[in-house]
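The values are calculated or read from the model by the stated rules, or taken from the named source; none is laboratory data. This structure is a prediction, so every number in the text was calculated from the model and none was measured. Heads up, the Cβs are rebuilt from the backbone with ideal geometry, glycines too, and the neighbour counts pull from every protein chain shown.
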Amino acid sequence: MAHAGEAHAAEAHAHAPQAFIWRYVFSKDHKVIGVQYYVTAMTMALVAGLLAMLIRVQLAWPDVDWGFVGRLLPMGFQGGAGQPFVMNPEFYSMLFTMHGTIMVFFVMSTAPVSGFGNLLIPLQIGARDMAFPFLNALSYWTFLPGCIVILSSFFVSAGAAAAGWTSYPPLSALQGAIPGSGMGQTLWIVGMVFFIASFTMGGLNFLTTILNMRTKGMSLMRMPLTMWSMMLVAILGLLAFPALVAGCLMLLFDRHFGTSFFLPAGLVLSSQPLLTPEGASLHQGGSPLLWQHLFWFLGHPEVYILMLPALGFTSDLISVFCRKPIFGYRTMVGAMGAIAFLSFIVWGHHMFISGMNPYLGMAFAVGTILIAVPSAVKTFNWLSTLYKSRIQFTTPMLWAMGVVSLFISGGLSGVWLAQAGPDIHLHDTMFVAAHFHLIMAGAALFGVFGATAMWFPKMFGRLMNEKLGKVHFWLTFVTYYGTFFPMHYIGLAGHMRRIYDPYQYPFLKHLQPINQFITVSAIILGSAQILFFVNFFWSAFKGKKASENPWNANGLEWTTPSPPPHGNWPGEIPEVHRWPYEYSPPGAARDHVMQHEPATEAVPGH
Amino acid sequence: MSTGVLQQKPGAGGTLGRGPGEAAPGDGGGDGAPGIIGDTARFGLMAFLGTISMLFIGFTSAYLIRRTSLDWRPLRAPGILWLNTAVLLTSSVTLEAARRRLRGWDLRGVMSWVAATGALGVLFLVGQVVAWRALGAQGVFLATNPHSSFFYMLTGLHGLHLLGGLVWFLAVLVQVRRMAYVPGEDGLRLFATYWHFLAGLWLYLLFLLFVL
């Protein structure tokens with residue numbers, strides 16, 4: 001054994017590439033790829049976050065003079081030469097479209113899944129790398145062009161896509177409909193196809209690695225819940241994204257080659273009917289609803305692609321910092337499986353006002369409300385784990401508890417929106433924006449911050465600064481609620497979700513102080529993220545050196561040096577004898593027993 | 001214990017890209033890793049085929065909804081499609097012949113059967129282009145009616161997947177020339193899985209477009 005281990009270690013090291021470009025740029029090492037994904041996603045988050053700030057300022061003070069911002073972004077503003085700078089309405093549509101697209105796909109699907117998935121999967125299941133390292137590298141180098149294409153769309157003549165992150169036709173299918181329907185929309189489609197190709201390669205790798213590369217003793221039911229979430233996310237991605245590829249392809253054909261998949265007859269553009277030279281309708285028979293079905297068949301599982309990793313991180317973090325086994329491991333696995341399954345049959349709840357048969361709407365509503373059951377199971381399991389434990393309030397733990405909080409508050413409004421009746425009133429109002437920013441965006445974001453603080457040692461061999469981390473958490477937590485909670489209220493009062501100037505309707509005028517409160521809160525929220533970036537880069541270079549297992553956790557990733565060497569373990573890969581949740585077992589010498597420690601009489605395997 | 005690397009089958013990494021010396025299935029636990037499903041590259045390929053299937057299922061749902069609209073004018077299949085079908089199915093048969101010989105230590109003719117497979121694949125693509133041109137000559141183009149839109153799009157997409165298969169085929173051809181496949185082992189299995197899948201997919205598309 002020992003001999004083989006040394007030989008293997010030597011072999012693993014011999015294969016670590018030495019040249020900088022192969023080691024850190026075109027690397028096939030899952031840890032490097034994970035960090036590349038993470039840093040790219042966070043850079044995209046910075047861009048999308050700035051877009052959100054512009055959206056918020058416009059909503060709170062629609063007649064503000066933008067001054068130097070207008071000078072900086074000439075494509076979005078009119079004014080100058082003595083006139084005040086005013087935002088173009090078309091630019092506003094581009095802002096919320098690109099904010100949504102970038103955040104959902106290029107940040108919140110990427111940082112937790114492609115970032116932490118790549119970093120953690122081999123480390124937590126006990127493998128030297130992913131199953132297909134070359135495919136893994138290819139996946140990142142497909143993702144990056146996607147980012148560049150999406151960002152570049154701001155700089156084409158007519159501007160970026162502006163049909164919303166859902167890109168509903170006919171707005172997205174007719175090139176002349178609005179400025180954003182031109183080149184920007186084409187780039188949106190191309191960027192999305194790059195993203196999906198990259199995510200598919202990642203998904204194949206995730207699924208194969210988790211199923212086939214586990215170390216000795218690592219049965220499925222001994223895997224950390226993070227690994228379960230990654231496996232389910234991979235399955236969701238592989239099965240759901242192809243529907244969007246199909247939709248994107250048909251959209252591209254409708255836009256550029258004159259087909260009528262999504263375009264009906266009788267369309268009128270700037271008071272001119274769209275006709276062929278012979279005088280017949282240019283398009284006919286197509287159905288915009290078809291796009292909605294294809295989009296949401298992906299779109300709803302996509303929500304759980306964002307959420308599930310955060311739920312997995314939270315379970316693991318809570319157990320570590322409560323020093324207690326996670327309550328109801330099996331039900332946690334079952335609940336995540338149930339959520340993943342249900343996510344495929346509830347897409348219609350995004351389309352209640354599209355004129356669907358009420359009985360069909362009811363079926364979608366029932367399926368959606370059913371998701372409350374596994375979600376409640378998860379919540380109660382977390383609360384039971386927290387109950388009567390000696391909580392260690394470290395930064396990662398604060399984020400994990402933030403996830404629980406957001407998951408509950410966002411989930412409660414989900415029950416309203418799940419039913420067709422209330423949804424007809426609330427659809428496309430700020431209430432929806434409040435709901436999904438709390439549960440989907442917020443829970444995923446907090447999960448990523450928690451995971452960053454937790455596994456930072458395995459990325460850079462150092463710990464993040466706890467004081468700065470806590471300040472960052474509390475500022476973010478308070479202003480996050482400050483930003484999104486009041487949106488419920490203005491949404492109920494009828495404030496539209498996508499509106500350039502709330503002053504244009506008298507019935508919205510009295511809501512303007514709330515809008516301004518939200519914006520102030522959002523600006524503090526945005527500024528607080530500077531603390532995170534400072535902490536991240538400062539700690540990566542100057543942070544406190546981390547030991548192998550700084551949190552006294554049980555997973556296999558804590559049995560190897562921080563950061564782990566190429567090949568992940570200097571010697572033989574450890575063998576697993578128990579689950580990763582053996583905290584405070586009675587009769588043990590320490591308050592935790594790690595996964596690779598052999599079974600003893602006091603603490604048998606699990 | 002950790003001899004996974006040495007036991008790795010030639011070509012098992014396939015085009016999915018596990019180089020020699022990189023992690024092999026069950027590497028972590030030597031021979032004791034739990035619950036391994038077949039070999040790793042094969043499992044990855046099967047998952048990929050599942051993804052491709054979902055893509056065409058997505059198109060199928062769009063097709064089934066779109067064909068209920070009033071402007072639907074069914075196309076007549078160009079006759080050459082049936083010939084193309086025969087060509088593609090024959091290429092699957094020749095590939096099986098090559099596999100059988102390789103498995104049975106009968107190395108004579110492996111090269112010719114493999115080459116025949118690729119040649120038939122190319123012939124199929126040429127035939128598909130001929131079918132497109134035949135339709136074009138009748139004035140039926142991509143945007144003519146919804147059925148023709150689906151026809152061009154689905155055959156084009158299938159052709160692209162087959163083109164990808166031909167790129168893989170070139171890698172297989174090089175391996176055969178170098179005698180890199182171990183006689184008695186099924187080194188062509190992964191490629192055959194993909195190739196037969198494309199034949200099956202073609203039969204399905206033919207059924208969807210012209211029989212249903």
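List of remarks:
Yes or no, residue by residue, for (1) surrounded by fewer than 19 Cβ atoms within 10 Å (Cβ to Cβ); (2) under 21 Å from A:Ile518 (Cα atoms):
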site	(1), (2)
A:Gln58	no, yes
A:Trp61	yes, yes
A:Phe68	yes, no
A:Phe85	no, no
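- The lone criterion from (1) more than 11 Å from every other protein chain (Cβ to nearest Cβ); (2) more than 21 Å from A:Cys147 (Cα to Cα); (3) hydroxyl-bearing (Ser, Thr, Tyr) left unmet by A:Thr215 is number (1).
- Any hit, the stretch A:497-508, residues being closer than 22 Å to A:Thr479 by Cα and outside any loop (DSSP other than H, G, I, E, B): no
- Of B:Thr51, B:Thr68, all but one fail to be out of contact with any helix residue (DSSP H, G or I) (no Cβ under 8 Å at 6 or more places or on another chain) and either in a loop (DSSP other than H, G, I, E, B) or facing chain A (nearest Cβ under 7 Å) (or both); the exception is B:Thr68.
- When A:Phe26 is tested against the conditions (1) in contact (Cβ under 8 Å) with a residue 60 or more places away in the chain; (2) among the aromatic types (Phe, Trp, Tyr); (3) closer than 30 Å to A:Ile490 by Cα, the lone failure is (3).
- Considering the conditions (1) surrounded by fewer than 24 Cβ atoms within 10 Å (Cβ to Cβ); (2) of a type outside the set (Val, Ile, Thr); (3) more than 7 Å from chain B (Cβ to nearest Cβ), A:Leu251 is excluded by exactly one of them, (1).
- Candidates A:His293, A:His283 - the one that is outside any helix (DSSP H, G or I) and facing chain B (nearest Cβ under 10 Å): A:His283
- Among the candidates B:Leu70, B:Leu75, B:Leu107, B:Leu135, residue that is among the aliphatic types (A, V, I, L, M), over 22 Å from B:Phe197 (Cβ atoms) and free of Cβ contacts under 8 Å to residues at least 12 places away in the same chain: B:Leu70
- When each of A:Leu263, A:Leu225 is tested for being in contact with an Asp or Glu (Cβ under 9 Å, 6 or more places away or on another chain), within 30 Å of A:Pro580 (Cβ to Cβ) and more than 10 Å from every other protein chain (Cβ to nearest Cβ), the lone residue that passes is A:Leu225.
- Test result for A:Val32, β-branched (Val, Ile, Thr), part of a strand (DSSP E or B) and either touching a strand residue (DSSP E or B) at 6+ places or on another chain (Cβ under 7 Å) or more than 24 Å from A:Met183 (Cβ to Cβ) (or both): no
- Single residue of A:Gly203, A:Gly176, A:Gly182, A:Gly159 found to be modelled with pLDDT under 95, of a type outside the set (S, T, N, Q) and in contact with a Leu (Cβ under 6 Å, 6 or more places away or on another chain): A:Gly176
- Note on the stretch A:344-366: among residues that are under 23 Å from the mean Cα position of the chain (by Cα) and part of a helix (DSSP H, G or I), the one that is surrounded by the most Cβ atoms within 10 Å (Cβ to Cβ) is A:Trp347.
- Figure legend. Inter-residue proximity from the stretch A:572-594: first residues farther than 13 Å from A:Met218 by Cα and within 14 Å of chain B (Cβ to nearest Cβ), second residues hydroxyl-bearing (Ser, Thr, Tyr) and assigned to a loop (DSSP other than H, G, I, E, B), beta-carbon distance below 8 Å, spacing 6+ or different chains. Indicated pairs: A:Glu572/B:Ser2.
- Some residue of the stretch A:165-173 being away from chain B (no Cβ under 14 Å), aliphatic (A, V, I, L, M) and not in a helix (DSSP H, G or I): yes
- In the stretch A:182-227, residue nearest to B:Phe43 (Cα to Cα) [restricted to those that are among the hydroxyl-bearing types (Ser, Thr, Tyr) and touching a helix residue (DSSP H, G or I) at 6+ places or on another chain (Cβ under 8 Å)]: A:Thr208
- Condition check for A:Met336: crowded, with 19+ Cβ neighbours inside 10 Å, touching a residue at least 60 places away in the same chain (Cβ under 8 Å), in contact with a helix residue (DSSP H, G or I) (Cβ under 7 Å, 6 or more places away or on another chain) and in a helix (DSSP H, G or I): yes
- Residue tally, condition touching a Gly at 6+ places or on another chain (Cβ under 9 Å) and among the hydroxyl-bearing types (Ser, Thr, Tyr), over the stretch B:35-81: 3
- Selection count where residues are outside any loop (DSSP other than H, G, I, E, B), more than 21 Å from the chain's Cα centre (by Cα) and not basic (Lys, Arg), scope the stretch A:435-468: 5
- Test for A:Phe206: is it within 14 Å of chain B (Cβ to nearest Cβ), under 30 Å from A:Gly571 (Cβ atoms), of a type in the set (Phe, Trp, Tyr) and in a helix (DSSP H, G or I): yes
- You will find that of A:Pro309, A:Pro301, the residue that is within 14 Å of chain B (Cβ to nearest Cβ), under 24 Å from the mean Cα position of the chain (by Cα) and at pLDDT 95 or above is A:Pro301 and no other.
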